[in-house]
Amino acid sequence: MTWQLSNTALDEQQLLVNESLMFLGNGYLGVRGNFEEGYRDDFKSIHGTYINAFHEETDIQYGEKLFGFPDFQQKLANVIDAQQIDVLIDGERFSLFEGEVVSFDRTLHMDQGYSVRHIHWRSPNGKEAKLTFTRVVSFVTKELFAIKVDVEPVSDIKEIKLVSKVNGDVTNYVEKGDPRLASGHAKLIYADQAVNESGLTQIKARTERSNLEVACVTRHEHEGAHDVECGDYDVTETFTFSGDGASLIKYNVYTDTLRHGDDLLQKGIDIQKGIADFDTILSEQKGYLDEFWRVSDVAVSGDDSLQEGIRFNLYHLLQSVGKDSVSNISAKGLSGEGYEGHYFWDTEIYIFPVFLMTNPEIAKGLLLHRYSTLDAARARAKEMGHKQGALFPWRTITGPESSAFFPAGTAQYHISADIAYSFIQYYLVTKDEQFKEDYLAEVLIETARLWADTGFMKDGKFLINNVTGPDEYTCIVNNNYYTNAMAKYNMEWAYKIYQDVQGGGLVEKLGVTDEEAAFWNEAAENMFLPYNEELGINEQDDTFLNKEVWDLDNTSEEEYPLLLNYHPLTLYRYQVCKQADTVLAHFLVEDVADEETIRKSYDYYERVTTHDSSLSYCVFSIMASKLGHDEKAYHYFNETARLDIDNLHKNTKDGLHMANMGGTWLAMVYGFAGLRVKEEGLTFAPRQVAAWDDFSFSLRFRGRLINVELKDGQVVYTLVEGEGVTIGHYDERVQLTVDSPVAKSL
Ligand code: BGC
């Protein structure tokens, strides 16, 4: 049961949410869980098929446009639609909203990588049939999305028709009034060709400004009689069967400029030739997922509902994460259009660590994608008035800043330190020296330069003014603790790596001098980290504690999230946090503060945090574990694991919350098991989770596979694959050799 997410009845209120929950993807292609046969006419489904990073550029409309505001924004485009298949039973069109639905179930099989819908339907005229729709987006052939439809008669039926359409005339979804959604620019792609030749439907479409093309080549496997009708931008194929039953398989292959260059239709045709039959596709899918789960599963016993949530979140991360260095993972993955398909710091701080510790090659791809945007980040730094360095954009697809609201966008300079942090983490986990020389050094040097140029020394302290930290309810502040602490770490490492890579050519290429590097070290050592003596906490920034405290006790349910009910300035005037900020810094760079400060800061910020951002709970859970607040840790964790399944933020229809999904894993592995990755390797500080009899997961570490299991008051570390290694269990060093589990009491 915990390997499946099922709907056992048709819940009309949940249709849009289920389109997101049941979406299928593979990191390249994502298809929302729309019904093949459509909906009621008055229902607006969010109909979508997306290719990771495939985007259009649209002008940003400003009332007042000031210098350095981006002119345009990139947007993930909804591409050619191949989902539609109508079913006609003796001339009556099958619809879940007409006639009688005798039974309905839909299941996402997370261990097998497909979804299936079973419906027993009685038409208004009394015809009865059982219909099955099975769909798969292949992990093995990334371009492939296939649907199989089976219709089995229950009553006497004379004729069944299956009408399959591929449509190039599609639009994006728009909704006014929610800043987290696009409000204009619905039409992003234009079809320029729709033909059916040699048994293949072939449609090509393009964007006007970003100059990208996408093609879909569709082949049907069937036994009925067959008719084809080509429109200007779509092709409809009708398959006619006797009343004894019908079966059709629709194989759709998507190619695009970013991965396939030109001649996309021919490339699609070539890929079609190599596609296996449907059963083979399903068994390949299972093979891929067996290996994924062998390494990546986190098993808990004693709570099936949580277990389902945990697996669901991991599965969806896998479905959305780009695996080709051309793409990354957007805030909603490939499950919807919320946040317009943009990549944020969500990747580096919340999602990347999951892959780093389980599938490092995927993690590397994410870094290489960021690296491919380094030139754009250098250009953005110049545009923002910096003499040097790289300023990564707050939100983007291929590199340009796509944020129109700079106080909670561009001003979040911390993203540059977050990216640097993830490059360092990758190096610590893999010790890949080539990576250090080819990528890490350059990213660290350019980000350190940004900090050197943004901040300045005053009275012996390095200050960074006018930035926004992670908490978007407190914008444009001086010396945000999170930003300063992360910049300190960034500069320290830049200095260290600069010394390592001298002589390798990079230092000369970038023109780094010893004086410049020495300044990074000096700035890092003297970084100003706001601290309030009286409260014994790190202040979120220079002025946070001078503000009035928001009265959360008297804020009603309807007022949340505050961002939808209050002008930003109102929020900025109060001590009220949208999400973890200082508390997050105390997790990521814990050595910068002492335990007492971390403890008091946690207590303080917990009281002023709304968790209006889904990026918050997991961080509080991790820190609650660290501080021994076990019940709280579990409580916050519980808010993450089923956030989308239970639609806790009420906007799952726009797509799944990918950062939170990563956060579920972080809360378990960095929280309950207390993992930390430092220069000396891996250390654990596990805590018994009272609700679970057994809790286990695995990690990859420099070519090894290590399993960790918490059970019966013990933690058992097992080296499953690879050479012997020493890990830390609290302050103790523990030597692991293959297949010799080591148990420690908790
Ligand atoms: C959060 C940001 C996050 C963005 C995308 C916002 O609500 O405040 O931290 O990057 O969502 O997930």
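The values are calculated or read from the model by the stated rules, or taken from the named source; none is laboratory data. Everything numeric in this text was worked out from a predicted model, so none of it was measured. Cβ coordinates were reconstructed from backbone atoms using ideal geometry, including for glycine residues, and neighbour counts include every protein chain displayed. Please note that ligands, DNA and RNA were not included when accessible areas were found on the heavy atoms of the full protein model with its side chains. Shrake-Rupley method; radii C 1.70, N 1.55, O 1.52, S 1.80 Å.
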Report task. Sort GLU709, GLU548 by accessible area with a 1.4 Å probe, largest first. Result -> GLU548, GLU709
Query raised in the report: Using alpha carbon coordinates only, what is the Rg to Rh ratio of region 567-629, with Rh defined as the Kirkwood radius?
Result: 0.99
Query raised in the report: P(r) tail for region 639-746, what percent of Cα pairs lie past 22 Å?
Result: 39
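Over region 116-158, what per residue volume does the convex hull of the Cα atoms give, in whole Å³?
Values: hull volume 3.4 nm³, N = 43.
Convex hull of Cα atoms, per residue: 79 Å³.
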Requested in this report: Could you tell me what percent of the DSSP beta bridges with both partners in the chain are antiparallel, to the nearest 5?
Outcome: 95
Query - FRET efficiency, VAL154 to ALA276 (Cβ-Cβ, R0 35 Å, nearest 0.05) - result: 0.65
Query raised in the report: Which whole-angstrom value gives the distance between the alpha carbon centres of region 339-376 and region 223-260?
Result: 36
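Just the number, please: carbon plus sulfur as a percent of the accessible area of region 263-307, 1.4 Å probe, no ligands or DNA/RNA counted.
Details: 1010 of 1990 Å².
In region 263-307, the share of accessible area belonging to carbon and sulfur is 51 percent.
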Query raised in the report: Between region 445-467 and region 626-677, how many Å separate their Cα centres?
Result: 33
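Per the 1.4 Å probe, what fraction of the accessible area of region 577-686, in percent, lies on carbon and sulfur atoms? Mind showing how you got there, number by number?
Numbers: 1310 of 2930 Å².
Here carbon and sulfur together make up 45 percent of the probe-accessible area.
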Report task. List the lysines whose Cα lies under 21 Å from the Cα of LYS458, skipping any in the same chain that are fewer than 8 positions away. Result -> LYS387, LYS488
Query raised in the report: Is there a pair in LYS332/LYS461; LYS600/LYS653; LYS461/LYS496; LYS187/LYS267 whose C-alpha atoms are over 32 Å apart, and which pairs would that be?
Result: LYS332/LYS461; LYS600/LYS653
Query raised in the report: What is the spin-label model distance, in nm, from ASP71 to ARG122 if the labels are put 7 Å beyond Cα along the C-beta direction?
Result: 6.4
Query raised in the report: Over the chain, what is the mean sequence separation of C-alpha contacts under 8 Å (at least six apart), divided by residue count, expressed as relative contact order in percent?
Result: 12
**Report entry** Residue-level accessible surface for VAL689, protein heavy atoms, 1.4 Å, Å²
**Finding:** 10
**Report entry** the chain - Rg and Dmax from Cα coordinates, angstrom
**Finding:** 26.6, 89
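Using the heavy atoms of the protein chains alone and a 1.4 angstrom probe, what is the accessible area of region 99-194 per residue in square angstrom? Present the calculation step by step, with values, prior to reporting the outcome.
Details: 3630 Å² over 96 residues.
In whole numbers, region 99-194 has 38 Å² accessible per residue.
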Report task. For GLU98 and GLN434, calculate 0.36 nm times their separation in residues minus their Cα-Cα distance, and state this gained length in nm to one decimal. Result -> 114.8 nm
**Report entry** Amide N proximity, region 564-579 versus SER556 label position 7 Å along Cα-to-Cβ, cut-off under 19 Å
**Finding:** 564-567
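Just the number, please: Stokes-Einstein D of region 349-490 in µm²/s, Kirkwood Rh from C-alpha pairs, 37 °C, 0.692 mPa s. Present the calculation step by step, with values, prior to reporting the outcome.
On the way: Rh = 15.4 Å.
Estimated via Stokes-Einstein, D reaches 214 µm²/s.
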Query raised in the report: Given a Förster distance of 35 angstrom, what is the FRET efficiency for GLU229 paired with SER325, based on the Cβ-Cβ distance and rounded to 0.05?
Result: 0.30
Query raised in the report: What does the charge add up to near LYS130, with Lys and Arg as +1, Asp and Glu as -1, over the other residues with Cβ less than 10 Å from its Cβ?
Result: -3
Query raised in the report: Listed highest first by mean packing, meaning other Cβ atoms within 10 Å per residue, what order do 236-247, 317-328, 189-200, 51-62 come in?
Result: 317-328, 51-62, 236-247, 189-200
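Kirkwood Rh over alpha-carbon pairs of region 507-611, then Stokes-Einstein at 37 °C and 0.692 mPa s: what D in µm² s⁻¹, rounded to an integer? Before the final figure, lay out each step's value.
Values: Rh = 16.2 Å.
Estimated diffusion coefficient is 203 µm²/s.
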